[in-house]
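Before any comments, here is the structure.
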Amino acid sequence: MYGSPQLRAGTQAVSTPSLLGQVLGITGAGFLITAAAAYVSQGTPRGLSLIAMLVGFGFLIAISATRRNSALSLTMFYLFALCEGIGLGPVIASYAQIDGPTVVVEAAETTGLGMLTLAAIVYLTSFDYRRLSGIAFGALIALVLVGLISAFTHFLHPAIYSWATLAVFTLLVLVDFARIRAGGGYQTAVELAASIYLDAINIFLALLQIFGSRNRRD
């Protein structure tokens, strides 16, 4: 059984359909900001892009810290999306240069279609995917640890790690949409949007690696 169909976002309680609309609207706007920033910042030096990502992490933390002020929390999210775009710009440009812009387009399209499909699965089935949240969180921690170790030892092929990333964040998407369907719990629409945004960005980057590796083998 799913929980209450209402979420207290700031000082207002919203229905579950309204919450889904808010989350998708906020997330969509964030993607547009990220895409525009990535396009403009393609030539940004890697050092500056890394700084932007670190600054963005600060804004990400601030989303929850400012949750009682919905307007300020939303501003933090959009600033985070902007910093993500600046940080991702050189990465996307590198894939476009090496593998062709088609790879970037395919990764973006597949991410979008995949997110819609996963959302439909959650809303059209009766299973409560929140039950898998513990497994998803444990898998995420393991993924981060393996990534850190592999960064120094190179024991894991990047393509294999990308497939693992795709699997973990696919599971997280199911859990996050299940939370929205259940009313959000104690999370605001902005916090839920940030979770969906992060899921999609990580899936997109994993697909970039997978599609890029495929093209280089052909």
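For Ile196, the criteria (1) buried (at least 20 other Cβ atoms within 10 Å of the Cβ); (2) more than 22 Å from Thr16 (Cβ to Cβ); (3) in contact with an Asp or Glu (Cβ under 9 Å, 6 or more places away or on another chain); (4) among the β-branched types (Val, Ile, Thr) hold in every case but one, which is (2). I need the full set of residues from segment 99-120 which are in contact with a helix residue (DSSP H, G or I) (Cβ under 7 Å, 6 or more places away or on another chain) and among the aliphatic types (A, V, I, L, M), in order please. Within segment 99-120, Val103, Val104, Ala107, Ala108, Met115, Leu118, Ala119 meet the criteria.
Residue check: Ser162 meets all listed conditions (1) assigned to a helix (DSSP H, G or I); (2) of a type in the set (S, T, N, Q); (3) at pLDDT below 95; (4) farther than 22 Å from Gly87 by Cα but one, namely (4). Taking segment 14-46, which residues are of a type in the set (Val, Ile, Thr) and under 16 Å from Ala96 (Cβ atoms)? Scanning segment 14-46 gives Thr34, Val40, Thr44. Considering (1) crowded, with 19+ Cβ neighbours inside 10 Å; (2) outside any loop (DSSP other than H, G, I, E, B), the lone condition that Thr44 does not fulfil carries the number (2).
Quick one: would you say Gly147 is under 24 Å from Gly56 (Cβ atoms), free of Cβ contacts under 8 Å to residues at least 60 places away in the same chain and either touching a Ser or Thr at 6+ places or on another chain (Cβ under 9 Å) or not in a helix (DSSP H, G or I) (or both)? Criteria met by Gly147.
Within the option set Phe177, Phe152, Phe127, Phe137, being at negative phi and touching a residue at least 24 places away in the same chain (Cβ under 8 Å) holds for one residue only, Phe177.
Could you list, in sequence order, the residues of segment 86-102 that are surrounded by fewer than 18 Cβ atoms within 10 Å (Cβ to Cβ), assigned to a helix (DSSP H, G or I) and in contact (Cβ under 8 Å) with a residue 60 or more places away in the chain? Once the filter is applied, which keeps residues that are surrounded by fewer than 18 Cβ atoms within 10 Å (Cβ to Cβ), assigned to a helix (DSSP H, G or I) and in contact (Cβ under 8 Å) with a residue 60 or more places away in the chain, segment 86-102 yields Val91, Ile98.
The values are calculated or read from the model by the stated rules, or taken from the named source; none is laboratory data. Just so it is clear, the structure is predicted and the values come from calculations on it, not from any experiment. Please note: Cβ atoms are built from the backbone with ideal geometry, for glycine as well, and neighbour counts cover all protein chains shown.
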